[in-house]
Amino acid sequence: MLYNVLMILGIFCIVISFIFLNSFSNKEKGFFDEITDMYKDIEKYKDHMEVAIDDLEKIIDFSVDKADKYISDYPVAKKEERNASLTQEDDFFIINHKDEDDLSKKVFELKNIGMDNKEIAQKLNRGIREVEIIIKMNSQLKK
């Protein structure tokens with residue numbers, strides 16, 4: 001009788017072991033399926049990224065080719081021509097700078113007399129904002 005009880009107890013333990021092994025293997029299979037799905041998603045994103053990078057390279061190559069064509073269409077000026085044009089531009093800017101100095105002097109003379117910005121702008125045929133900018137710039141320079 002003891003032999004039969006031990007035999008039934010052993011068979012019961014074996015059945016319980018198989019049930020636990022089956023549940024653990026099902027959990028492992030679920031984990032494996034999740035990992036496999038993640039890997040497939042990563043592969044899909046990798047393929048999309050490769051296509052996007054290829055498209056970006058094509059766009060960059062096209063832009064570079066377009067810029068090269070644009071540069072090659074216009075001849076490069078000789079060094080002497082560039083220097084001559086630069087000195088002409090420098091002279092032009094110096095003349096304008098003198099005009100601005102005269103304008104700022106006139107603005108401050110009228111401001112010292114006691115005129116407000118609107119009256120100064122009307123007197124010099126300039127915009128009110130232009131007069132305000134000149135006053136602000138010169139007041140910041142004096143600080």
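A few notes on this one:
- Residue within region 58-65 that is surrounded by fewer than 10 Cβ atoms within 10 Å (Cβ to Cβ) and of a type in the set (D, E, K, R) present: no
- Near pairs, Cβ below 6 angstrom, 6+ apart or cross-chain, from region 114-143 (assigned by TED's automatic domain parsing to the domain that holds LEU103 and more than 14 Å from LEU103 (Cα to Cα)) to any residue that is at pLDDT below 85 and assigned to a helix (DSSP H, G or I): none
- Residue selected from region 98-143 under the condition in a helix (DSSP H, G or I) and among the small types (Gly, Ala, Ser), by the criterion modelled with the highest pLDDT: ALA121
The values are calculated or read from the model by the stated rules, or taken from the named source; none is laboratory data. Predicted, not measured: the structure shown is a model, and the values here were computed from it. Backbone-built Cβ (ideal geometry, glycine too); neighbour counts: all protein chains shown.
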